[in-house]
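Enquirer: Submitted below is the structure of interest, expressed as structure tokens.
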Amino acid sequence: MPLPVVAIIGRPNVGKSTLVNRLAGARDAIVHDQPGVTRDRTYQPAFWQDRDFLVVDTGGLIFDDDTEFLPLIREQATAALAEAQAAILVVDGQVGPTDGDAEIASWLRQQQVPVLLAVNKCESPDQGLIQAAQFWELGLGEPYPVSGIHGNGTGDLLDQLIEHLPTVDVEAEPEEIRVAIVGRPNVGKSSLLNAFVGESRSIVSPISGTTRDAIDMRVSRGDQCYRLIDTAGIRKKKQVDYGPEFFGINRAFKAIRRSDVTLLVIDAVDGVTEQDQKLAGRIEDEGRACIIVVNKWDAIEKDSHSIYEYDRIIKSRLHFIDWAETIFTSALTGQRVPKILDLVDVAAAQHRRRVNTSVVNEVIEEAVSWHTPPTTRQGRQGKIYYGSQVSAQPPSFALFVNSPTLFTDNYRRYIARQFRQNLGFEGTPIRLFWRGKKVRDMERQRANRATKV
């Protein structure tokens, strides 16, 4: 049974995201002293007493203005309310009741969901009761003075909230694959997420920078679960001012770090840009599996050779992640979108894969027999004694040698190619650590000292 949902509703800049972070015991929702920071609906798990539930942060509601994103924000808030077992209307205790609060309260009374009234920014316990008393006029029952920043009053609010929530047994969840969707602004990341889930989960707009929070969405296909993470478009650092976009980009970088597989979305019309190259480099540095998704393929005039020529250009400009699979899609038409998850399954399996030590050494032995390590002018030659896998995610191997300095970059790349040709690892980076005799001797000495102690 899915967890019950609590929708957090209110005007812009009343502290909804701050309260969400407080109730969830996290800092995942972006908080900034500026109206309109939150646009999409974002979910966070929460717990109080014996109840597990999800709190849904929504954008600030304004009913008498249809400019920019406001109609889309209202759609997202309405969708959150439609699936909620309860709602919390957040108002600003320092400002007092406004016409906007009254309009939202009137709208909520028409919904088939219980509503609690949280009067936020009541940091003073004494003044809080006076501030909250002003909001009886909204007709939503008792107003609860709370402080999203300090946590004052949230316990009383939650005690009342859980009376409206069913008790759910939280079952052990199957292992999921975390998939981060990253790319430059306006390349179609949110459209791709919506195509995956089959609903308008993220706001889609031709205006760059629409998505700000990292939006998690869980979907299932057969027995496999996926956590899809839509992220803010990542622009060049010098173009980003401190504020919501800055925080959104930081969330995007964290999404890469916590993902198993990253979808690098590229605009087929623009081609591979310098920023795409930087993002690819960051994915490789983080050791994440990767799939290159060329979106908007429907907008390209093409013939039977176009896809091969385009693929050649991509491999050339993103040569440092030539291990990543490439797929040409259209989030608008749905072309090849389901096949992306097929590639995700393969990349995630390879990312987590482990290889027996005997197999690793067979690969090394064959590679050395075909191409021996180089010899220095002084007659010294590198020797690889043996190798073994030391970790996964990404697959990492330690090669024990006489001296790492005897192996040139070209030879190290040759060994890496042999690992790929013989072991596969499609869609994931691999790491090779060259460990010399001195390192092994030092480790052996430390082990001996530990044994004596």
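No value in this document is a laboratory result; all are computed from the given coordinates. Please read these numbers as outputs of a predicted model, since none were measured by experiment. Positions of Cβ are generated from backbone atoms using ideal geometry, with glycine treated the same way; all protein chains shown enter the neighbour counts.
Enquirer: In nm, what is the difference between 0.36 nm times the number of residues separating VAL168 and ARG431 and their Cα-Cα distance? Walk me through the numbers on the way to the answer.
Expert: Numbers: separation 263, 0.36 × 263 = 94.68 nm, distance 4.29 nm.
Net length gain for the segment: 90.4 nm.
Enquirer: Still on this structure: Within a 10 angstrom radius of the beta carbon, how do LEU158, LEU54 rank from fewest other beta carbons to most?
Expert: Working: LEU158 22, LEU54 18.
Neighbour counts put them in this order, fewest first: LEU54, LEU158.
Enquirer: For a 26 Å ceiling on Cα separation, which of these pairs sit above it: LYS278/LYS315; LYS121/LYS254; LYS189/LYS339; LYS254/LYS302? Could the numbers behind the result be given before it?
Expert: Details: LYS278/LYS315 15 Å; LYS121/LYS254 29 Å; LYS189/LYS339 16 Å; LYS254/LYS302 37 Å.
Violating the 26 Å Cα-Cα cut-off are LYS121/LYS254; LYS254/LYS302.
Enquirer: How far, in nm, would the chain grow between THR405 and THR372 when pulled straight, counting 0.36 nm per residue and subtracting the alpha carbon separation? If you can, show how the numbers build up before the last one.
Expert: On the way: separation 33, 0.36 × 33 = 11.88 nm, distance 1.53 nm.
Roughly 10.4 nm would be gained on extension.
Enquirer: Using the Karplus equation 6.51 cos²θ - 1.76 cosθ + 1.60 (θ = phi - 60°), what ³J(HN,Hα) coupling, rounded to whole Hz, does each residue of the range 136-146 give in order, writing x for Gly and Pro?
Expert: Along the range 136-146, the couplings run 4, 5, 6, x, 10, x, 5, x, 9, x, 9 Hz.
Enquirer: Further question on the same structure: Using r as the Cβ-Cβ distance of SER358 and GLN160, and R0 as 45 Å, what FRET efficiency do you calculate, to the nearest 0.05? Please list the in-between numbers first.
Expert: Values: r = 63 Å, r/R0 = 1.39.
With a Förster radius of 45 Å, E is 0.10.
Enquirer: Rank-order 151-157, 11-17 by packing density, defined as the average count of other C-beta atoms within 10 Å over each peptide's residues, highest first. Could the numbers behind the result be given before it?
Expert: Details: 151-157: 16.7, 11-17: 23.1.
Listed from highest to lowest mean packing, they are 11-17, 151-157.
Enquirer: How about the range 291-397: which chymotrypsin sites (Phe, Trp or Tyr not before Pro) there are in a DSSP loop, with at most 13 other Cβ atoms within 10 Å of their Cβ?
Expert: Values: sites: TRP297, TYR308, TYR310, PHE320, TRP323, PHE328, TRP370, TYR385, TYR386, PHE397; in loops: TRP323.
Here no chymotrypsin sites (Phe, Trp or Tyr not before Pro) fit, given the DSSP loop and packing criteria.
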